[in-house]
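Structure first, commentary second.
Any read-out appearing in this document is the output of simple, stated calculations on the displayed coordinates, not a laboratory observation. Since this is a predicted model, take the numbers as computed values, not measurements. Here the Cβ is made from the backbone with ideal geometry for all residues, glycine too, and neighbour counts use every protein chain on show.
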Amino acid sequence: MKNLFKKVSLFIILTLLSQVGGLIYLLYQPISLSIKKKKTGWTQRGLRIFSFLGFYLLITLLIIPPIAKQFGRVPLPYFATKKEPIQPLMILTCLLNRQYVKPQLKQHIFLIANNLQKEYQGTKIQYLDANFPFLNGFPLLPHLSHDDGEKLDLAFLYVDRASQHPWKSRVSFFGYGFFEEPIRGEVNMPQQCAKKGYWQYGLLSKSLGLKAHEQVQFDEFANATLIKLLSQHPDTRKIFIEPHLKNRLGFGNNNKVRFHGCAAVRHDDHIHLEL
């Protein structure tokens, strides 16, 4: 009974994290049983762990992409190139199959990335969560949307405070949670949403407790350029950022740049793009 509970729990966790991880875990069971029959103790456990990881990577890297393409979704690139200056903020996003989009969105963001490079040489767009490879409506937790191949989160652009050169490292482990806080006189939506009882709105800032990095500075000009390029593209339907950043960056009258509502979470740590 205990072993069954562990297997069911693993199936659920892997499914929630990567959509296909639970299914891969089920397909792996015959291999696991074969190892159990031949090995014992720590040797058996080690072999089972490494063989599962290898089996998972094989299916994730080689099997899932061509199948997903038949369902109208394609993966964003694992690494940036000169022609495709876009990459994940962390490779774990790809290993968990959270980088899938519709081909239209992939072409869309490639065009934006190349245009951004013309303005800021050497600057690469770094993406966060996109969508899973299959099934409209399948939740990509903890997001409320990101379930149809038309959503993509982008990391903000930062510079080294001293040199003013592009900051190339992560400002937080997952890419989320490093907030560009409202300053005096700006709309403080996290505070307003909290007063209305939306406890989850600023939960990430409380749980992570990230402080301003002394070496990092929010690049207002580059971020404004990126959002302008995104909003000018005819395929862009919505862009979500916090109201204080919308006004600070000069998009107060831009209807595509919107507030996402208190039912969501803070968006002063990333840009949310929708087709």
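Before moving on, here are some points about what is shown:
- Relative intensity of segment 107-206 on a log10 scale, I(q)/I(0) at q = 0.13, 0.21 Å⁻¹, equals -0.69, -1.23, per a Debye sum over C-alpha point scatterers of equal strength in the absence of solvent.
- Chymotrypsin sites (Phe, Trp or Tyr not before Pro) restricted to DSSP loop in segment 1-98 with at most 15 other C-beta within 10 Å: F71, Y78, F79
- Using every pair of distinct Cα positions in segment 94-163, the Kirkwood expression returns a hydrodynamic radius of 13.4 angstrom.
- Loop-located trypsin sites (Lys or Arg not before Pro) in segment 87-177 whose Cβ has at most 14 other Cβ within 10 Å (DSSP): R161, K168, R170
- For the listed residue pairs K69/K168; K69/K238; K195/K228; K83/K238; K106/K246; K39/K69, the alpha carbons are over 28 angstrom apart in K69/K168; K195/K228; K39/K69.
- Rh (Kirkwood; distinct C-alpha pairs) - the chain, Å: 20.4
- Sorted by Cβ density within 10 Å, fewest first, the residues T93, T81, T15: T81, T15, T93
- Unpaired by the 4.7 Å Cβ criterion, cysteines found in the chain: C94
- Amide H to amide H distances under 5 Å link V216 with R161, where only residues 5 or more positions off or on other chains count and H is placed in the peptide plane.
- Alpha-carbon geometry of segment 141-275: the Rg and the Dmax are 14.6, 42 Å, given in that order.
- Restricting segment 170-275 to GluC sites (Glu not before Pro) that sit in a DSSP loop and have at most 15 other Cβ atoms within 10 Å of their own Cβ leaves E186, E214.
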